[in-house]
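Scroll down for the structure; my scribbles are underneath it.
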Amino acid sequence: MDFKKAKIVFYDGDCGFCNRSVAFILKNDQTKSIQFASIQSDFTQKLFAERNWNTPDLSTFYFLENEQLFAKSTAAIKLSKHFSFPQSWLQGMIIVPRFIRDFVYNFIAKRRYRISNGYCYAPNKEERGRFVQ
């Protein structure tokens with residue numbers, strides 16, 4: 001895999017809220033270039049270890065782009081540039097200080113299982129090719 005061009009979302013594969021987020025990204029990614037990897041996967045664990053990144057936290061959403069790893073609200077904002085309007089407006093949230101954005105992110109992350117428990121997205125054949133094992 002060419003990590004210079006890779007755009008990968010790392011998500012909690014056991015979380016209904018996270019699976020809904022993946023479905024949302026698949027629907028709204030106008031570039032069709034975003035790939036996905038479960039945090040629990042061997043691929044993710046190996047990649048984080050090889051890059052000397054902190055062990056991935058299941059309550060954190062990560063986005064890899066241009067060989068840079070973004071986390072939490074910053075990851076969501078960076079990802080939103082690949083969406084069409086009106087979802088792309090999220091890019092404007094970068095002006096909000098990160099400690100405020102991440103406070104809101106953490107509030108939601110702590111409650112993610114209660115917000116959307118038990119949702120499992122089944123990607124179609126074309127979408128399955130965008131999931132890294």
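A few points about this structure:
- One residue alone among S73, S59, S80, S38 is closer than 16 Å to R130 by Cβ and touching a helix residue (DSSP H, G or I) at 6+ places or on another chain (Cβ under 7 Å), and that residue is S38.
- Selection within the range 77-94 - assigned to a loop (DSSP other than H, G, I, E, B) and either of a type outside the set (S, T, N, Q) or over 19 Å from A23 (Cβ atoms) (or both): K81, H82, F85, P86
- Qualifying residue in the range 72-79 (condition: surrounded by 16 or more Cβ atoms within 10 Å (Cβ to Cβ) and more than 22 Å from F103 (Cβ to Cβ)): no
- Any hit, the range 2-10, residues being under 16 Å from A109 (Cβ atoms) and at pLDDT 90 or above: yes
- Residue check for A76: at pLDDT below 90, aliphatic (A, V, I, L, M) and closer than 26 Å to E126 by Cα: no
- Test result for K110, touching a Ser or Thr at 6+ places or on another chain (Cβ under 8 Å), exposed (fewer than 15 other Cβ atoms within 10 Å of the Cβ) and under 20 Å from D14 (Cα atoms): yes
- Selection from the range 37-76 of residues that are farther than 19 Å from Y105 by Cβ and not in a loop (DSSP other than H, G, I, E, B): A37, S38, D42, F43, T44, Q45, K46, L47, F48, A49, E50
- Among the residues of the range 21-65, those identified as of a type in the set (A, V, I, L, M) and free of Cβ contacts under 8 Å to residues at least 12 places away in the same chain are L47, A49.
- Subset tally (residues that are of a type in the set (F, W, Y) and part of a loop (DSSP other than H, G, I, E, B)) for the range 1-34: 1
- Set Q30, Q40: member being surrounded by fewer than 18 Cβ atoms within 10 Å (Cβ to Cβ), out of contact with any Pro (no Cβ under 8 Å at 6 or more places or on another chain) and over 19 Å from D14 (Cβ atoms): Q30
- Pairs, first within 20 Å of K7 (Cα to Cα) in the range 81-103, second basic (K, R) and surrounded by 11 or more Cβ atoms within 10 Å (Cβ to Cβ), C-beta under 7 Å, six or more apart: S88/K81; Q91/K81
The values are calculated or read from the model by the stated rules, or taken from the named source; none is laboratory data. Remember, predicted model here, so these are calculated numbers, not experimental data. Reconstructed Cβ throughout: ideal geometry from the backbone, glycine too, with neighbour counts over all protein chains shown.
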